[in-house]
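Chemist: Attaching a single structure in structure tokens format; questions to follow.
The values are calculated or read from the model by the stated rules, or taken from the named source; none is laboratory data. Here the structure is a predicted model, which is why all the values come from computation and not from measurement. Every residue, glycine among them, receives a Cβ derived from its backbone with ideal geometry; neighbour counts consider all protein chains shown.
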Amino acid sequence: MTRHIAPRPLALTTLAASIALSTALATSAAQANDFADMDPVKLRLAHVVNEQDGFHIAATKFEELVEARTDGKVDVEIFPNATLGDERTLLEGMQIGTVDMGVITNGPVANFVEPMAVFELPFLFASPEEAYSVLDGPIGQELLDRLADVNLKGLAYAERGFRNLTNSERPVASPEDIDGLRIRVMENPVYVDTFRELGANAVPMAWTEAL
């Protein structure tokens with residue numbers, strides 16, 4: 001099957017939000033003056049992609065840094081490949097404490113905190129540097145802080161680059177070429193509405209169901 005890729009990005013996927021519910025770590029650190037007096041903590045960090053993906057590379061680096069900087073008192077165990085569920089399931093698990101942390105695409109996060117969906121608007125940023133300045137600044141932090149309203153803790157944003165449109169029917173060089181294509185999109189109303197306005201048959205579907 002031929003897979004066609006749009007030569008120009010349809011939208012900038014601004015940074016996939018790394019979301020964590022780190023109650024156990026925060027409580028333990030607050031109770032102890034240093035990690036030497038802290039009881040060992042194990043954190044379950046999950047994502048839905050494979051071990052070659054940037055999500056997993058970021059999670060592995062996070063594991064390395066946390067364990068080094070806590071003298072091994074905090075052990076991060078990584079669960080890739082959706083072994084603990086799709087992204088919505090992971091977010092719900094973090095809310096109730098069955099999953100401690102996750103590297104989650106921004107689209108599903110917006111279903112829990114609606115203002116996050118602003119980052120899914122097409123053509124929002126002209127360059128990665130412009131996105132960094134917003135997400136690493138007061139606006140980005142304000143939105144991360146809003147996650148506390150739904151019992152989540154936003155730690156940081158992680159880049160996935162410009163989003164490209166792929167399909168098995170024809171090359172896409174202009175918005176008109178999207179008309180009539182059946183396209184899987186994230187379960188997010190901004191994506192659904194955007195592609196439907198462009199004439200596509202947008203099918204909201206979790207990534208785990210698209211494989």
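Chemist: Across the range 72-116, what is the number of residues that are free of Cβ contacts under 8 Å to residues at least 40 places away in the same chain, farther than 17 Å from LYS153 by Cβ and part of a helix (DSSP H, G or I)?
Modeler: Residues flagged as free of Cβ contacts under 8 Å to residues at least 40 places away in the same chain, farther than 17 Å from LYS153 by Cβ and part of a helix (DSSP H, G or I) within the range 72-116 amount to 2.
Results for (1) loosely packed, with under 13 Cβ neighbours inside 10 Å; (2) modelled with pLDDT under 90; (3) over 18 Å from PRO115 (Cβ atoms); (4) over 20 Å from the mean Cα position of the chain (by Cα), shown as yes or no for each residue.
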| residue | (1), (2), (3), (4) |
| --- | --- |
| LEU147 | no, no, no, no |
| LEU181 | no, no, yes, yes |
| ASN188 | no, yes, no, no |
| THR194 | no, yes, no, no |
| MET205 | no, yes, yes, no |
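Chemist: Of all residues in the range 69-84, which are more than 19 Å from ALA58 (Cα to Cα) and surrounded by 18 or more Cβ atoms within 10 Å (Cβ to Cβ)?
Modeler: LYS73
Chemist: Please specify each residue of the range 190-211 satisfying the condition of being within 20 Å of LEU90 (Cβ to Cβ) and in contact with a strand residue (DSSP E or B) (Cβ under 9 Å, 6 or more places away or on another chain).
Modeler: Across the range 190-211, the qualifying residues are TYR191, PRO204, MET205, TRP207, GLU209, ALA210.
Chemist: Check whether at least one residue in the range 161-169 is touching a strand residue (DSSP E or B) at 6+ places or on another chain (Cβ under 8 Å), buried (at least 19 other Cβ atoms within 10 Å of the Cβ) and not in a loop (DSSP other than H, G, I, E, B), and report yes or no.
Modeler: yes
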